[in-house]
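What follows is calculated from the coordinates using simple rules that are stated; it is not laboratory data. What you see is a predicted model; the values in this text were computed from it and never measured. FYI the Cβ positions are ideal-geometry reconstructions off the backbone, even for glycines, and counts take in every protein chain you see.
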Amino acid sequence: MSEPKKLYIKTYGCQMNVYDSERMAEALGGKGYVETKTPDDADMILLNTCHIREKAAEKVYSELGRMKAFKVEKPDLKIGVAGCVAQAEGEEIMRRAPMVDLVVGPQSYHRLPAMDDAVQTGAKALDTDFPEDDKFATLKGRSKGKRAPTAFLTVQEGCDKFCAFCVVPYTRGSEVSRPADRIIREAQELVEAGVREITLLGQNVNAYHGHDGGLAGLIWELDKVDGLERIRFTTSHPNDMDDALIDAHGTCEKLMPYLHLPVQSGSNRILKAMNRKHTAEGYVRLIERIRAARPDLLLSGDFIVGFPGETEEDFEDTMQLVRDVHYGQAYSFKYSTRPGTPAAEKPQLPEDVMNDRLQRLQGLLREQQQATQASMIGREVKVLFEKAGREAGQMIGKSEYLHAVYAEAPADVLGTVRRVKIVDDSANSLKGQLIA
Ligand code: SAM
Ligand code: SF4
C-alpha cells in the first residue's frame with residue numbers, strides 16, 4: 001500500500017478558522033491526506049489566514065517566503081492559501097508568491113478535493129466565490145475518529161452589520177445560518193466521537209435564524225442531545241441578544257454561564273461613528289438583564305481603542321463603562337486601518353496615543369480578570385477535563401466559567417465533568433482539588 005499523503009495546516013485568527021481547518025482536513029482526508037504536525041514532511045501545506053487586523057496579508061507573504069524552502073527541497077509539494085486573506089487578496093497572492101498552487105476563500109473550501117485534482121496535474125487553482133451551493137451540505141459528515149471532549153461547531157457565517165472598522169462583511173460575505181436539523185446531526189456525530197462540550201460559532205452567532213426560535217431555539221434542541229453536557233456560543237452582538245436567549249441563560253442547564261458580548265467603546269459618539277447601532281447605556285441595561293437571569297455569569301468583551309476621532313473624554317467613557325460593568329475576561333485592540341472600510345478614510349490617531357490608551361485599558365481589564373479569578377478561591381466548580389497537565393498526575397480542564405483549572409486527578413477523568421474545589425490562582429489558570 002502506498003503511504004498516505006500528508007497535509008499540514010497552519011491556522012491563524014479566530015475559532016471559526018479553527019473549525020474551518022478541521023473541515024478542510026476532513027475534506028482532503030477523503031482524497032487520502034492525513035494531517036501532520038510539521039511542514040517538513042508535508043505533501044500539501046495550507047495557510048488558513050485571518051484578515052481582521054493590519055499587516056495580516058504581509059505576515060502571510062513572509063510565511064510563504066519561508067515555505068518556499070520546502071518547495072525547493074520537495075518540488076511536488078503543493079502550497080495553498082485559505083481563509084480571509086485568500087478572499088481579500090485573491091489572484092494577487094499567486095502574482096506575488098508564484099510558488100502558491102492554490103487559493104481558496106472561506107466560502108468555497110468544500111471544493112478543495114476538486115482543486116487538489118487540478119493542482120496535482122500541475123495547474124493552479126483559485127476559488128474565492130461566494131457560491132450558490134451550500135458548503136456545509138456538500139461537506140460529508142464529521143470524521144468518526146475519537147475526538148477531544150470539546151469542539152467548535154459553526155452555525156452562522158458572515159455579517160450584515162457593517163461596523164465602520166471591520167472587514168468581516170467583505171471577507172466572509174452576508175449573514176447565512178445553517179439549518180437546525182443539520183447542526184443537530186453534526187452535534188450528534190461529535191458526541192458519538194467523544195465530544196461533551198460544543199461551542200456554537202458565528203461572526204454574529206446570536207443573529208442565527210436557522211430555527212424559528214432563533215439561537216435560543218437551537219440551544220434548546222441541542223439540550224435534548226444525549227451525551228452532550230455543555231453548550232457555549234460566540235461571538236454575539238448586543239443588538240441580537242433577544243429575550244429568549246437571555247431567558248435560556250437562566251433556565252437551560254447545559255448552557256454555560258459565560259458570555260462574550262463585545263461593546264467596542266463606552267462613548268456614544270464613537271459607537272455612532274463605528275455604526276454599532278447601540279448605545280453604552282443600552283449595553284449596560286442589557287448586561288443588567290442578563291445578570292438578573294444568571295447572576296453568576298462571567299462576562300467577556302472586545303474593545304477597540306483609538307478609533308478615528310476618539311478623544312481622551314471618549315476613552316474615559318470606555319474606562320468608566322468597564323468599571324461599571326466589570327469583566328471577568330476581555331480582549332482589547334488598537335484600532336487597525338482596514339482598506340475598503342469606511343473608517344479607513346478618516347484621519348488616524350497618533351500611534352503613541354493609541355498605545356497609551358491600550359495600556360491603561362488593559363491594566364484595568366487585567367485587574368478585573370485577576371479579581372474575578374481570586375474570587376473563585378474556596379468555591380466549588382464543575383470542570384470538564386480535557387487533557388493531561390504538564391506535571392505527572394495532573395489533569396487540566398475548564399470550569400463552567402471557562403477558567404482553565406488544573407488538579408491532581410487520575411487519567412480516567414478525561415472527558416468527564418467533575419466537582420472541583422478551587423484552592424489557588426495564578427496568572428491564567430486556577431488550581432483545584434478534586435471533590436470525591
Ligand atoms: N461580530 C463580533 C462583534 O460585533 O462584536 C466581533 C467579530 S470580530 C471578528 C472580533 C473583534 O475584532 C471585534 O469585536 C473587534 O473588537 C476586533 N476588530 C475588528 N476589526 C478591527 C479593526 N479594524 N481594528 C481593531 N480591532 C478590530
Ligand atoms: Fe465586524 Fe462584528 Fe461589526 Fe459584523 S458586527 S461588522 S463581524 S465587528
Summed side-chain charge close to residue 17 - residues other than residue 17 whose Cβ falls under 11 Å, Lys, Arg +1, Asp, Glu -1: +1
Assigned charges on the beta-carbon of Lys, Arg, Asp, Glu; the chain dipole about Cα centre (debye): 700
Distance from segment 364-436 to segment 25-87 (C-alpha centre basis), Å: 35
Local net charge near residue 228, Cβ-Cβ under 12 Å (Lys/Arg +1, Asp/Glu -1): -4
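How compact is the chain by the rule of thumb for globular proteins, expressed as Cα Rg over 2.2 N^0.38 Å?
Computed over Cα atoms of the chain, the ratio equals 1.01.
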Beta bridges per DSSP with both ends in segment 377-434, % antiparallel, nearest 5: 85
Links that overshoot a 20 Å alpha carbon limit, given the list 6/398; 5/71; 10/334; 74/140; 398/421: 6/398; 10/334; 74/140
Theoretical ellipticity at 222 nm over the chain - DSSP helices of four or more residues, -39500 (n - 2.57) apiece, nearest 500: -10500 deg cm²/dmol
Relative packing of 17-28, 278-289, which averages over residues the other C-beta atoms within 10 Å, highest first: 17-28, 278-289
Fewest-first sequence of 406, 170 by Cβ atoms within 10 Å of each Cβ: 170, 406
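Which of 307, 152 comes first, and how do the rest follow, when ranked by fewest Cβ neighbours within 10 Å?
Values: 307 25, 152 21.
Going from sparsest to densest Cβ surroundings: 152, 307.
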Ranking of 224, 6 by count of other Cβ atoms within 10 Å, fewest first: 224, 6
Alpha-carbon centroid distance for the pair segment 243-309 / segment 116-149, whole angstrom: 35
For the chain, Cys with no neighbouring Cys Cβ under 4.7 Å: 14, 50, 84, 159, 252
Positive minus negative residues near residue 42 (Lys, Arg vs Asp, Glu; Cβ under 12 Å): +1
Whole-Hz couplings from phi, Karplus 6.51/-1.76/1.60, listed for segment 198-215; x for Gly and Pro: 10, 9, 6, 10, x, 4, 9, 4, 7, 8, 3, 9, x, 9, 3, x, x, 5
